[in-house]
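The values are calculated or read from the model by the stated rules, or taken from the named source; none is laboratory data. None of these values were measured; they are calculated from a predicted model. Glycine gets a Cβ as well: all are built from the backbone with ideal geometry, and neighbour counts include every protein chain shown.
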Amino acid sequence: MTWRPHRSVAETEQFFRRCEDVWIKRLAFPWSLWLKSDASFAGMLEARVKQHSVDIGYVLAPHLWRRGLMGEAVRGLVHWAVNHPEVYRIWAVCDVENIASARLLESAGMQLEGRLRRWLVHPNMSESPRDCLCYAAVKASG
């Protein structure tokens with residue numbers, strides 16, 4: 001993750017205000033994920049719009065990993081983005097050591113484009129920027 005856990009209710013409330021603000025301004029589209037079985041919170045994903053591209057990020061509760069839940073959500077998000085006429089590129093990054101996330105992005109139809117050196121700080125792993133793998137799905141030209 002690229003953030004630390006919230007330390008207060010006020011910090012979480014600020015995060016929710018940011019989610020509402022970016023949605024209204026159409027700068028990003030954050031979704032929360034909930035389990036059908038018991039209506040419990042499972043995670044989030046977000047599409048951030050920048051000109052003709054959309055970059056995505058996601059987080060899932062660890063006890064729900066490896067069940068295909070986030071893969072289903074990301075595939076839906078890629079499909080949603082690719083069907084917008086003004087979007088030509090959908091992309092995401094993951095830490096080089098996050099093999100499960102890399103596989104998830106591949107299963108969503110994205111292709112590895114390369115390694116971004118010293119790209120993002122993942123505070124749960126290091127205070128310094130870490131290498132990330134960049135995945136993308138692009139519309140055919142023409």
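Observations on the model:
- Residues of segment 71-93 that are charged (D, E, K, R) and within 19 Å of Arg26 (Cβ to Cβ): Glu86, Arg89.
- Residue match in segment 51-71 (condition: surrounded by fewer than 17 Cβ atoms within 10 Å (Cβ to Cβ), within 20 Å of Val138 (Cβ to Cβ) and without any contact (Cβ under 8 Å) to a residue 24 or more places away in the chain): yes
- Qualifying positions in segment 88-114 - over 20 Å from Leu33 (Cβ atoms), out of contact with any Phe, Trp or Tyr (no Cβ under 9 Å at 6 or more places or on another chain) and not acidic (Asp, Glu): Tyr88, Arg89, Val96, Ile99, Gly114
- Any hit, segment 112-132, residues being in contact (Cβ under 8 Å) with a residue 24 or more places away in the chain, in a helix (DSSP H, G or I) and surrounded by 18 or more Cβ atoms within 10 Å (Cβ to Cβ): no
- Here Ala102 fulfils each of the conditions (1) modelled with pLDDT under 95; (2) under 14 Å from the mean Cα position of the chain (by Cα) apart from (1).
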